[in-house]
Amino acid sequence: MADIDFISALTAFESRLDQRFDRLEVRFDGLESRFDALELRVGALEARLGALEGRVAAQFAHVERRFKDLEADLRAFRREMQGHLDALYSRFDRLETEYQMMVAAIRRLEDAVLPN
């Protein structure tokens with residue numbers, strides 16, 4: 001009888017253990033399906049990030065081209081302004097020379113008209 005009690009206790013324990021393993025298996029299956037869903041979501045996010053990266057890279061390339069064009073325009077504008085300034089300095093130099101010539105002529109006239 002003791003052997004029968006031991007065997008029935010062992011069978012009951014084995015049955016409970018099987019039930020617990022079955023519950024664990026169900027839980028692991030649930031976790032696996034959740035991980036699969038997460039993997040799909042991460043894949044979708046990676047695809048969206050890849051598309052966004054492409055758009056951002058295209059925008060940066062566009063902005064870089066615009067900056068290069070702006071830089072070229074500014075260089076041309078600077079050369080043009082330097083040319084205008086050179087012309088102004090040349091005119092100022094010529095006016096200064098004419099002014100000195102007029103001052104010298106007025107002094108000669110004053111010397112000729114007004115004897116000391």
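In the chain, with Lys and Arg counted as +1 and Asp and Glu as -1 at Cβ, which of these residues, 99, 10, 30, has the Cα nearest the positive end of the dipole, that is, farthest along it? Going by the charge dipole, the pick is 99.
Quick check on the chain: helices-only [θ] at 222 nm, where DSSP H runs of length 4 and up contribute -39,500 (n - 2.57) each and the sum goes over total residues. Nearest 500, please.
Details: 1 runs with 112 residues, N = 116.
That comes out to -37500 deg cm²/dmol.
In this label model, residue 111 and residue 8 are separated by 14.9 nm, measuring between points 7 Å along each Cα→Cβ vector. Per-residue 3J(HN,Hα) values for the stretch 40-48, derived from phi via the Karplus relation 6.51 cos²θ - 1.76 cosθ + 1.60 with θ = phi - 60°, read 5, 5, 5, x, 5, 5, 4, 5, 5 Hz in sequence order (x marks Gly and Pro). Taking 0.36 nm per residue of sequence separation and removing the Cα-Cα distance, the residue 37/residue 101 pair yields an extension gain of 13.7 nm. Each residue of the stretch 49-56 was assigned a 3J(HN,Hα) from its phi angle through the Karplus expression (A = 6.51, B = -1.76, C = 1.60, θ = phi - 60°), giving 5, x, 5, 5, 4, x, 5, 5 Hz with x at Gly and Pro. Couplings for the stretch 5-12, taken from phi via the Karplus curve 6.51 cos²θ - 1.76 cosθ + 1.60 with θ = phi - 60°, read 5, 5, 5, 5, 5, 5, 5, 5 Hz in order; Gly and Pro are left as x. Among 82, 59, 19, the largest mean-square fluctuation in a Gaussian network model of the chain, built with springs joining Cα atoms closer than 10 Å, belongs to 19.
Values in this text are rule-based calculations from the coordinates and carry no lab data. Given the structure is predicted, the values throughout are model-derived calculations rather than measurements. Reconstructed Cβ throughout: ideal geometry from the backbone, glycine too, with neighbour counts over all protein chains shown.
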